[in-house]
Each structure stands twice: as structure tokens, then as C-alpha cells.
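A quick write-up on the structure given underneath.
The values are calculated or read from the model by the stated rules, or taken from the named source; none is laboratory data. All figures in this text were calculated on a predicted structure; none of them were measured in a lab. Don't worry about glycine lacking a Cβ; one is built from the backbone with ideal geometry, like all the others, and counts go over all protein chains shown. Areas reflect the complete protein model, heavy atoms only, side chains present, ligands, DNA and RNA absent. Shrake-Rupley method; radii C 1.70, N 1.55, O 1.52, S 1.80 Å.
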Amino acid sequence: MNLASVIKSESELLLPTYDRQKVLFTRGHDVYLWDSRGKKYLDFLSGLGVNALGHGHPAIQRVLKKQAAKLIHVSNLFFHEYQSELAKKLVKVSGLDRAFFCNSGTEAWEGALKLARAFARVSNSNGHKAKWRILALENSFHGRTFGSLATTGQAKYRHPFAPMLPGVSFVGFNDVADLKRQFDGSVCAVCMETIQGEGGINPVSPEFLQTARELTDKTGALLILDEIQCGLGRTGRWFAYEHYGLKPDIVTVAKPLAAGLPLGAILTTNRVASGMHPGMHGTTFGGGPLATAVAIEFLNQVGGLLKHVNETGDYFRGQLESLAAKHSAIREIRGLGLMLCLDIDSPDVAKAAVQYLLDRGILINRTHDTVLRFLPPYIIQKKHVDQVVRALDAALSAASKPAAVGASKTGKRNKN
Ligand SMILES: Cc1ncc(COP(=O)(O)O)c(C=O)c1O
């Protein structure tokens, strides 16, 4: 199959949910991908934050092959060797007590919301005021299923599917006064991404997160953090909340957890877990032997990479700052570790820059029209950063010449 025939048959056979770039990938190795014509690409997006160890990592391949030959699936009616081993590792690095395994980010988030409501019910049963409201943040993104959509603070994602889950209110991003105004004894959870990803790489402010922790502590409501994009080493620490010196009651992770296989997890405390009993929640595939065996190896590898993520992230940020000093089109650099972005003052220039890099064999993406997002594999080297920064420099120089900007004004391509 070539690109043209795949495009044609997908257009006839698939639901029209994606506006894909016209590239057919056939192979990956290390930080590179190759398309059907043999063109090589430097991957600075890592499958939207999934391929944190790059492609074809030898340790992942080894575990994958061994486990695939041994046992792929048994269902959650029975035990297998790896769920508790993986939970033990996640509990250790998160400072929480327990895990539940599922298949994706949105499923982890759904489970976290259910856990919050279930815990509120249990803690209400001894005479406390009913807690059921959920406070989420404007501009957030938590996934595509109904609970996740209901807590996603962007109308464009929710509106086509209204009505939503009742009981959710949105607080202005980093608006401490608004959080205090909307919070009361009816709130069962305040939830947010520690660093908004799809919303344009926006770290929550220390003051806002600290206020959320204090308010929830006072009433027994829960603080739930979505670290599906920013967690598991992406910011140079195991979890982004470590940069803030506090701990949530629930954290969700997914994307890179099983190095490309679908796996998500909810991590929580013993106290919150007391709201659940057998039969209340479950999944057929979640936490199967193949994905969990691979995830154990992923965590082993990440343990040795955190220092590298910090150093490479600092270097990358430094290079982006030099670029910003040269190009007035760069409004802001945001992010932590290897979750970084350039906010550009024009959607057209941002769009042209993504295309310029793609043409030259570099993958990045654009979110919220003006944000160039970088989620490279943790294993990138300074030479890869240099290659990307050189290309961005050329792209922004080319785009500042009026004739070179051919992109349309809107052309939304927001992807999580
Ligand atoms: C912060 C965050 N939460 C949730 C999700 C949903 O994850 P998934 O696409 O695996 O359902 C995403 C996906 O991009 C995300 O970035």
C-alpha cells in the first residue's frame, strides 16, 4: 500500500475523526521514523508523548518478545505476575498507596472521577454534608469519553455531545480568587492537569495548586491531578507535582507507561481507595500481562534517564531562549523538562513552521493554533536539539518574509 491508496481507503472506510498529516510511517528506530518513501524524520513528538524511549528500544523489545510468547491476556478475573509488581514501583515513585490499571488516559480519568464520587459517598455516610460537585479548569483537556469531556474546559470538545455529566463547574486557569469563590462544602474534587498539555503547555501556578490543596484538605474533598501527558519523567521528575512540593489524593498516568502499548493507571491513597469494593469498577483488557510487563521495564529505564531529561530539557530551553531573542514572533517559552513549547504570535506562522519542519524531516505539532509543542523522547541528545532549533530558526526567518507564509488563517489541527 502506498500513501495515496491508504488515504483513499481510509476516506471510504473510517469515521472522519482525523485530519492526518499526509505521511505514511512504516518503521521507527531510536529517535527516528521512516515513511513509505524511505524519508527519515527526527521524532520530537514521540506519538504525542507516548514513545518516551523512542522506537525499537532494545530492552522494551526484549520484554515484549518474551512476554508475548509467554502470556498476553487472562482478564481481571484471575491473577498474573505483573500488576502488583508494577503497582509497587508506581506507588514508590508517586508517594501514594494503590493503583488501578486501565487502557488509556481517558479511562484513567473516568475512573478517577468515579473514585472521587464513590469516596464522597462513603465519607458522607457518617453525617457530613453531601459532596458531589467537581471543579475543573478552563482550557483543560482530559480525554474524549463523557466524564473526561464533561471536565474538559474547552467548549469545542463538549458542545457536539451535550448534555454533559452534571455537577461540573469550571474555574479560570490559575485564577485563585475564582477557585476560592466556587469552592464550598458541596465539592467532592478539584481536578486539573499539573501542566496543561493540549491547552498549550501551561503549568499551573504554585499558588493556585497550593490553594487547591488547602481548600480540599479543609473539607475532605480530593485533589486530583492529571499527569497523563506531564507525568512519568517527562518534566525531569517522576511526577510534575513534585516540582510543587505537594501530593494529590489521586493522580492519573497513561501515555508513555507501557512504551507504546495501551496502558493507563489511577494512583491513590488507602483512604480514598476505601470508597471502592469489588464489582464497582473494572475493565476487560486493563493491566494485562503484556502491557504491565513492558511497563515495569519502562519504569526501570526511566529511573536512569531523569537526570538526562533535566539536562537536555535545560539545554533545549536555553536554545529556545536564544531563538526568542532573535525572533520577535516568539511570544513565550513554556514548560518543564522535555515538555516545552514556543508560543508564536500568529497561527499562520506557527502552521507554516510545523510544515517547514515536516518537509525537512522533523516532527513537532501545533496546538491551540499558535503553540509549537515539543514532546521528544527522553533519549534525545543535544545534537538533536540543535537540529530542531536550527530548523525552527530557518522556519521563522522564512515565515517572517511575507511571501513565504502560505497558510490559511484558521486551519485548526488541535490534537491531544
Ligand atoms: C492531560 C491528558 N489527559 C487525558 C488525555 C486522554 O488520553 P487518551 O487519549 O489516552 O485517552 C490526554 C491525551 O492527550 C491528555 O493529554
What chymotrypsin sites (Phe, Trp or Tyr not before Pro) does segment 31-139 have in DSSP loop regions with at most 16 other beta carbons within 10 Å?
-> Phe78, Phe79, Trp132
Share of the chain's accessible area from carbon and sulfur, percent, 1.4 Å?
-> 56
Length-normalised contact order of the chain, Cα under 8 Å, at least 6 apart, in percent, tallies to 21
Please state, to two decimals, what the Cα-based radius of gyration of segment 178-243 comes to when divided by 2.2 N^0.38 Å (N = residues).
-> 1.14
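Note down the net charge around Phe374, summing +1 for each Lys or Arg and -1 for each Asp or Glu among other residues with Cβ under 13 Å from its Cβ.
Its environment carries a net charge of +3.
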Comparing Thr17, Thr367, Thr26, which has the greatest mean-square fluctuation in the GNM of the chain with Cα pairs linked when under 10 Å apart?
-> Thr17
Rounded to the nearest 10 degrees, what's the angle between the helix 82-94 long axis and the longest principal axis of the chain, both from Cα atoms, 0 to 90?
-> 80
What FRET efficiency do you get for Lys39 and Lys307 if R0 is 45 Å and r is their Cβ-Cβ distance, rounded to the nearest 0.05?
-> 0.85
For Asp369, Asp43, Asp97, the accessible-area ranking with a 1.4 Å probe, largest leading, is Asp97, Asp369, Asp43
Counting only Cα, what are the radius of gyration and maximum Cα-Cα distance Dmax of segment 183-287, in Å?
-> 14.5, 41
Taking 0.36 nm per residue of separation between His281 and Thr17 and subtracting their Cα-Cα distance, the length gained on full extension comes to 92.2 nm
Any idea of Lys131's accessible area? Nearest 10 Å², probe 1.4 Å.
-> 30
Would you pull out the residues with amide H under 5 Å of Leu53's amide H, same chain only if 5 or more places away, H placed 1.01 Å from N?
-> Tyr378
Where in segment 203-284 are there trypsin sites (Lys or Arg not before Pro) that are in a DSSP coil and have at most 14 other Cβ atoms within 10 angstrom of their Cβ?
-> none
Within a Cβ distance under 11 Å of Val294, other residues only, what is the Lys/Arg minus Asp/Glu net charge?
-> +2
To the nearest 10 square angstrom, how much accessible area does Tyr18 have with a 1.4 angstrom probe?
-> 150
So for the pair Thr26, Asp393, with labels modelled 7 Å out along Cα→Cβ, what separation do we get in nm?
-> 3.5
In angstroms, what radius of gyration and Dmax does segment 1-107 have, counting Cα atoms only?
-> 18.4, 50
With labels modelled as points extended 7 Å from the Cα through the Cβ direction, what inter-label distance (nm, one decimal) is found for Ile72 paired with Leu3?
-> 3.1
For segment 220-297 and segment 344-360, distance of Cα centres in Å = 34
List the lysines whose Cα lies under 18 Å from the Cα of Lys255, skipping any in the same chain that are fewer than 8 positions away.
-> Lys89, Lys415
In bins 20 Å wide, starting from 0, what share of all Cα pairs of the chain does each bin hold, as a percent?
-> 26, 58, 16, 0
Report, to the nearest 10°, how far helix 3-13 tilts away from the longest principal axis of the Cα atoms in the chain, using its own Cα long axis and a range of 0 to 90°.
-> 40
Accessible area per residue of segment 110-167 at 1.4 Å probe, in Å²?
-> 48
Gain in length, Ser274 to Lys180, computed as 0.36 nm per residue apart minus the alpha-carbon separation, to one decimal in nm?
-> 31.0 nm
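Let me check against my output: what whole-number percent is the relative contact order of segment 1-110, with C-alpha pairs under 8 Å and at least 6 apart? Don't skip to the end; give the middle numbers.
Working: 63 pairs, mean separation 14.6, N = 110.
Relative CO of segment 1-110 lands at 13 percent.
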At a temperature of 37 °C and a viscosity of 0.692 mPa s, determine how fast segment 305-407 diffuses translationally according to Stokes-Einstein, using the Kirkwood radius over alpha-carbon pairs as Rh; express D in µm²/s, rounded to the nearest whole number.
-> 242
With every protein chain left in place, what is the accessible area of Asp217 in Å² (1.4 Å probe, nearest 10)?
-> 100
Between helix 206-219 and the chain: long-axis angle, C-alpha atoms, 0 to 90°, nearest 10 = 20
Please report the orientation-averaged projected area of segment 63-152, defined via the convex hull of its C-alpha atoms, in nm².
-> 8.8
